[in-house]
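Written out below as structure tokens is the structure these notes cover.
Rule-based calculations on the coordinates, nothing more; no lab input. Because the structure is a prediction, the values reported are computed rather than measured. Because the Cβ atoms are built from the backbone with ideal geometry, glycine has one as well, and the counts that use them run over all protein chains shown.
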Amino acid sequence: MIVVNFKTYREATGYKAVNLARVCKRVMEDTGVRIVAVPQVADLRDCVETGAECWVQHVDPVVQGKNTGWITVEDVEEAGAMGAILNHSEHKLDRKILEKTMAVISGMAFQACVCADSPEEAVNCAYLKPNYIAYEPPEFIGSTDKSVSSERPEVIEKVVKTVSYPVLVGAGVHSAEDVKTAVRLGAKGILVASDIDLADVPESNLRKLAEGFI
């Protein structure tokens, strides 16, 4: 499983986001590897129309009603989102906010991937019962020469053995070898962003990462 976070990159905004979602769908169909596109909310519906599986980068713990400016789960689900990333290192959530958000999602056919920047946080997030826990040490996010797989393989293994939910890993993942290492250690997939979003040929890079699962 590959989760492609579009972040707010110019290269993954508007019509470029739609093109990237098409790439995700095409590579998934060709390789059989599940690939999830995670665009900005403003681009969500257009990306969903490509046929790609889409999540969003955040939702808020509010219900529909008088909540101007907040992002409701109901809204993004109606627009076609099938899940959300929560507590990313670039959008950390207060513990109570995270708990409330998971309570809103609970019981819905909507997936939640909760990010953790340490094994301790991963353990603390496990009791929230997310669909996935993503281990991403922030010091390697965006790195082009170091990755969580190359620098912290023992920690990946520790997180996988400690939590009882599927683990995804991210931060600097940029090669099939990185993917193979993560999978060998028990991870179910990876989170990527800049290696795809900022690539000269995103499809080529995404196919290389997919090879790590084949």
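Could you check which residue among 58, 91, 174 shows the biggest mean-square fluctuation in a GNM of the chain with a 10 Å Cα cutoff?
Evaluated over the chain, the most mobile residue of the options is 91.
Below 12 angstrom from the Cβ of residue 172, what's the summed charge of the other residues (Lys, Arg +1; Asp, Glu -1)?
-4
Scan region 1-76 for trypsin sites (Lys or Arg not before Pro) in coil per DSSP, keeping those whose Cβ has at most 11 other Cβ atoms within 10 Å, and list them by number. Walk me through the numbers on the way to the answer.
Working: sites: 7, 10, 16, 22, 25, 26, 34, 45, 66; in loops: 7, 34, 66.
For trypsin sites (Lys or Arg not before Pro) across region 1-76 that sit outside H, G, I, E and B with at most 11 neighbouring Cβ atoms in 10 Å, the list reads 66.
Give me 197, 46, 94 ranked fewest to most by other Cβ atoms within 10 Å of their Cβ, as a rough exposure proxy.
On the way: 197 22, 46 17, 94 9.
Least crowded to most crowded, the residues run 94, 46, 197.
By count of other Cβ within 10 Å, fewest leading, how are 6, 213 ordered?
Working: 6 24, 213 19.
Taking fewest neighbouring Cβ atoms as first place, the list is 213, 6.
Number of Lys pairs in the chain with C-alpha atoms less than 13 angstrom apart, excluding same-chain neighbours closer than eight positions? Each step should come with its number before you reach the end.
Values: 7/16; 100/129; 161/188; 180/188; 180/208.
For the chain, qualifying lysine pairs total 5.
In whole Å, what is the distance between the alpha-carbon centres of region 186-214 and region 39-90?
22 Å
Please arrange 144, 50, 162 by counting, for each residue, the other beta carbons lying within 10 Å of its beta carbon, fewest first. Show your work: numbers first, answer last.
On the way: 144 10, 50 18, 162 14.
By the 10 Å Cβ count, ascending, the order reads 144, 162, 50.
Could you give the distance between the Cα centres of region 114-161 and region 5-38, to the whole Å?
23 Å
What percent of all Cα-Cα pairs in region 35-85 falls into each 5 Å bin, going from 0 up to the bin containing the maximum distance?
5, 24, 34, 21, 11, 5, 1
Restricting the count to DSSP beta bridges whose residues both fall in the chain, what percent are antiparallel, rounded to a multiple of 5?
Values: 0 of 24 bridges.
Here the antiparallel bridges make up roughly 0 percent for the chain.
Grab the DSSP H runs of the chain that are 4 residues or longer, score each as -39,500 (n - 2.57), total them, divide by all residues and round the 222 nm result to the nearest 500 deg cm²/dmol. Don't skip to the answer; put the middle values down first.
Numbers: 10 runs with 84 residues, N = 214.
After summing the helix terms and dividing by residue count, I get -11000 deg cm²/dmol.
Mind pulling the per residue volume of the convex hull built on the Cα atoms of the chain? Å³ is fine. Walk me through the numbers before you get to the answer.
Values: hull volume 23.6 nm³, N = 214.
In the chain, the Cα hull volume divided by residue count equals 110 Å³.
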